[in-house]
Amino acid sequence: MTLRQVRSLLVGVLPRFNVTAAVVGFLAAVILFSTPNLSWSAPPRVAVAPATGPQGSKLRSLTYGVVEGLRKAGLKTVAGKRYRRVAAEQGLDPTDPRAAVAANAELLVILQTREAPNKKGYRVVIRLLDQDGRMIERLRTKYAQRARRKGRAIGRKLASLIIDDEGANDAGAAAALPLPPPPPPRAAQEELPPPAPLPPPPARSPTRRGTFAMQDDDTPPARIEARSLEPDDDGAERSMFRFRVSGGTQVASSYGVSVGGVDTGLQYDLGVVPLVQADFQFALVDIGFGARAEFNFSPVSFVVDVTPVVEPREPSGFFISAGGHLFYDIDLMKWGEGGRFAIAPLVGGGVNLLDVESQGVNSVVVGYNAVDVSGGARFIVQLSQDFVIEAEGRGGYVLSFTEDPTTTGADATGFTIQAGAAVRYWLLSSLGVSLDATYRQMEVDFTGLGTRAGFVGDPILDDASLSVRDVKVALGVVVGF
């Protein structure tokens with residue numbers, strides 16, 4: 001086929017193709033837009049009011065679980081602080097349907113919990129209202145510990161009801177209202193009674209039975225008089241009480257005495273020793289103020305190989321570190337569901353000691369007891385409701401330092417430095433795991449002569465200095481309630 005023949009073919013076919021495509025497109029558009037059963041409306045926006053009820057019923061986790069279930073089903077929601085802020089600006093309670101209207105939501109979910117009759121768990125009543133406060137659905141179920149998981153199930157159930165109702169309402173909208181009767185002839189209008197008013201439109205959708213037990217209730221849900229414990233969007237991480245217990249190792253420990261910058265023989269480096277940690281935190285979440293107490297314990301055994309021989313040659317002992325601090329959480333940035341960046345200034349103090357068996361007058365390893373005050377800051381990066389990363393730095397002043405049975409010097413003064421990082425992941429609504437690492441350093445300066453024995457060739461212990469350092473790593477379980 002020559003180029004001229006190809007050109008002639010295209011010129012003859014293309015115009016007919018364009019006309020055919022235009023006709024087909026016009027007919028398809030007419031069919032689509034003239035069909036009453038086709039709906040182009042977007043799914044409704046749902047407002048979720050903070051759950052109300054007993055404090056122990058995990059209100060925060062339950063509310064967030066419902067929001068999560070709705071969103072995973074493809075519905076848009078407004079909840080948490082954003083919804084409470086809109087309600088407050090209007091002077092309304094979050095359970096008032098007018099607050100949902102102000103937040104551009106077509107539906108409102110209200111959650112109310114109460115203790116189960118046998119006091120084993122809780123019951124939750126879920127009410128789904130429209131913009132006019134009319135009840136569309138009323139569900140009831142119960143749960144024990146896994147409030148967030150139950151909230152997801154509730155959200156999925158509500159989403160399926162909402163999506164089904166939307167399809168039913170769109171398909172039957174044209175047939176929902178009966179048409180009025182035709183007007184009578186003009187001559188008979190004066191003799192006939194006025195036509196009866198039209199019947200009211202049917203409810204949005206009938207109450208049906210599903211996987212949840214339901215019952216009728218004529219009490220207007222918007223008037224529930226229950227105190228709302230306004231939940232945050234940060235889940236168990238922002239619990240009022242948090243307890244952690246961990247096991248790990250004191251990876252490295254060093255102890256050294258020097259005089260005028262010259263090291264003496266009074267030095268030792270420890271290998272890996274076991275470690276037990278525990279801490280307890282109390283926080284007023286709405287205010288940001290809180291307190292934390294910490295405890296660390298490590299048993300240790302030394303091997304002293306010197307001449308003359310000291311007894312015992314393998315003295316045993318333990319390290320103890322205990323303290324506490326006050327803090328104040330300041331949110332600097334928030335994103336998504338539970339994501340935030342915060343800083344928490346802190347101030348506190350603690351005790352660090354080494355208790356070890358005495359080796360007599362020529363003790364090489366001596367025990368000590370240090371008391372300090374410190375201050376610093378903790379940086380918190382919460383990537384989601386379940387995953388948190390923390391970094392902390394502190395600096396302190398040594399108020400008191402004593403040794404036993406002999407001393408390195410008198411009038412001890414010094415400072416402490418501590419840095420650490422922690423990672424937490426919440427497996428359940430109140431149970432998680434944590435991994436943390438801490439570095440601590442203490443520097444102490446003495447005045448005058450010490451009473452402890454030195455080694456041959458060492459400088460005299462006069463105005464000596466002491467340096468103690470350790471690194472700790474621990475893995476543990478954390479509980480929030």
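The values are calculated or read from the model by the stated rules, or taken from the named source; none is laboratory data. What you see is a predicted model, and the numbers here were worked out from it, not measured in a lab. FYI the Cβ positions are ideal-geometry reconstructions off the backbone, even for glycines, and counts take in every protein chain you see. All accessible areas refer to the heavy atoms of the entire protein, side chains included, with ligands and DNA or RNA removed. Shrake-Rupley method; radii C 1.70, N 1.55, O 1.52, S 1.80 Å.
What to note about this one:
- Per residue, in Å², the accessible surface of the range 258-370 once ligands and nucleic acids are set aside, probe 1.4 Å: 48
- Solvent-accessible surface ranking, highest first, for L284, L449 at 1.4 angstrom: L449, L284
- For R84, the accessible area of its heavy atoms, probed at 1.4 Å with every protein chain present, is near 30 square angstrom.
- Accessible surface of the range 65-155, 1.4 Å probe, proportion on carbon and sulfur as whole %: 42
- Measuring nothing but protein heavy atoms, the accessible surface of the range 305-390 at 1.4 Å probe radius is 64 percent carbon and sulfur.
- Computed accessible area, S258, all protein chains, 1.4 angstrom probe, square angstrom: 30
- Extending 7 Å from the Cα toward the beta-carbon at both V303 and E115 defines two label points whose distance is 6.0 nm.
- Potential extension, T413-F341 segment - 0.36 nm per residue separation minus Cα distance: 22.2 nm
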